[in-house]
Each structure stands twice: as structure tokens, then as C-alpha cells.
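For reference, the structure discussed in these notes is given below.
Read-outs throughout are calculated quantities, based only on the coordinates presented, and are distinct from any laboratory measurement. Note that the structure is predicted; figures quoted are calculated from it, not measured. Positions of Cβ are backbone-derived with ideal geometry, glycine not excepted, and every protein chain shown enters the neighbour counts.
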């Protein structure tokens, strides 16, 4: 299962009924919550289908970027 960032783009504060709807989706877990975003773990098709009825929300897959190793290395 993948992780997705859901961002509220609408005016004002996000509607709590939208958040409750997202939390109630099958196989969906809200991992983190901020005033305008949610980090959720869920099947992509479930989220895409749900967000069709929530036009003020945008979904982006979470991406992880590894940090480079800053330690010096010996060259051969």
C-alpha cells in the first residue's frame, strides 16, 4: 500500500466532514494530520475515487529522497 499526501486547496479551514469522510474510507489509515494536509496510507484507486467528490483536495504520492553521505571517501 502506498502513502499519499492530501492537500486542501479551498478557501478557509478544511471541512472536518471531508476529513471524517477520508478517515472512513476502507483500507485507509491517516498517518499524520496538519491544518491543510493529511498523510494517508491507502490503495490509490480508493483515494482517487473518493477525491472525485471532494474537488478542493489534491492527491500526490509521497516520495522519499535519500540524503547523500557527507563523509569523505578514499579514492582508489
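Points worth noting:
- The residues of segment 1-23 that are part of a helix (DSSP H, G or I) and surrounded by 10 or more Cβ atoms within 10 Å (Cβ to Cβ), listed by number, are 18, 19, 21, 22, 23.
- Leading residue by the ranking (nearest to residue 4 (Cα to Cα)) among those in segment 47-62 that are assigned to a helix (DSSP H, G or I) and in contact (Cβ under 8 Å) with a residue 12 or more places away in the chain: 47
- Counting the residues of segment 17-46 that are touching a residue at least 40 places away in the same chain (Cβ under 8 Å) and within 10 Å of the chain's Cα centre (by Cα) gives 2.
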